[in-house]
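One structure below.
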Amino acid sequence: MASFIRNPKDLWSGVIFIAIGLAAIFIGRDYSMGSAGRMGPAYFPTILGGLLALIGAIAVVRSLISSGEAIGAFSIKGIVLVIMGTVLFGVLVRGAGLAIAIIVLVMLSGLASIKFRVAPFLAVAIGLAVFSVLVFVKALGLPMPMLGPWLGF
């Protein structure tokens with residue numbers, strides 16, 4: 001039997017997007033929706049969940065129309081490194097500061113890639129750290145240390 005699925009990556013990405021979008025809509029159903037002018041607590045998750053489900057549906061349709069490569073081998077190393085980077089970000093952001101936490105997050109997540117090279121990833125990490133400090137700490141005034149008390153600041 002011939003398969004109608006021509007692009008498995010788009011299919012599974014779409015299915016995941018639809019599931020997350022529908023979950024957001026389902027979670028938001030118990031809250032008041034409000035209107036565009038006076039948004040209630042359900043407005044944001046419902047609208048974004050609907051948009052995410054729509055993007056997922058488009059990806060599923062694309063998987064039936066356009067050809068794509070097969071899904072590659074599953075790498076537990078990548079998942080572990082990305083989760084470890086995220087957890088370490090949460091641990092480090094208060095003690096070591098936002099800049100250090102972002103650099104650690106980007107570098108650990110970058111190690112999950114087979115194309116990892118220290119210099120480009122370090123440049124991106126430093127650039128993202130500087131940008132995040134400027135936006136979140138300086139411009140928005142969030143109470144986060146740029147460099148934290150663990151470093152003597």
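Laboratory data are not the source of any read-out in this text; all were calculated from the coordinates shown. This one's a predicted model, so the numbers in the text were calculated from it and none came from an experiment. As a convention, Cβ positions derive from the backbone with ideal geometry for all residues, glycine included, and neighbour counts pool all protein chains shown.
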(Q) Restricting to DSSP H runs of at least four residues, report the calculated mean residue ellipticity at 222 nm for the chain, -39500 (n - 2.57) per run over all residues, nearest 500 deg cm²/dmol. (A) -20500 deg cm²/dmol
Q.
Rounded to the nearest 20 debye, what is the charge dipole size of the chain about its Cα centre when +1 sits on each Lys and Arg Cβ and -1 on each Asp and Glu Cβ?
A. 160 debye
Q. For the peptides 120-130, 12-22, 68-78, what is the packing order when you average, over each peptide's residues, the other Cβ atoms within 10 Å and list the highest mean first?
A. 12-22, 120-130, 68-78
Q: Please report, to one decimal in angstroms, the Kirkwood hydrodynamic radius of region 8-65 built from all distinct Cα-Cα pairs.
A: 11.6 Å
Q) Arranged from highest to lowest average of other beta-carbon atoms within 10 Å per residue, in what order do the peptides 33-42, 104-113 appear? A) 104-113, 33-42
Q) Restricting attention to the alpha-carbon atoms of region 113-153, what are Rg (one decimal) and Dmax (integer), both in Å? A) 13.2, 37
Q. Does region 76-151 come out rounded, prolate or oblate by the C-alpha gyration tensor, with a ≥ b ≥ c the root eigenvalues, rounded set by a/c under 1.5 and, if not, prolate when a/b is larger than b/c and oblate if not?
A. prolate
Q. Once phi is turned into ³J(HN,Hα) by the Karplus curve 6.51 cos²θ - 1.76 cosθ + 1.60 with θ = phi - 60°, what whole-Hz value does each residue of region 128-134 show in order, with x for glycine and proline?
A. 5, 5, 4, 4, 5, 5, 4
**Q.** the chain pair-distance distribution - Cα-Cα, 5 Å bins, rounded %
**A.** 2, 9, 11, 11, 11, 15, 18, 12, 7, 3, 1, 0, 0, 0
Q | Net lengthening on full extension, Ile16/Ile58 (0.36 nm per residue, minus Cα-Cα) | A | 13.9 nm
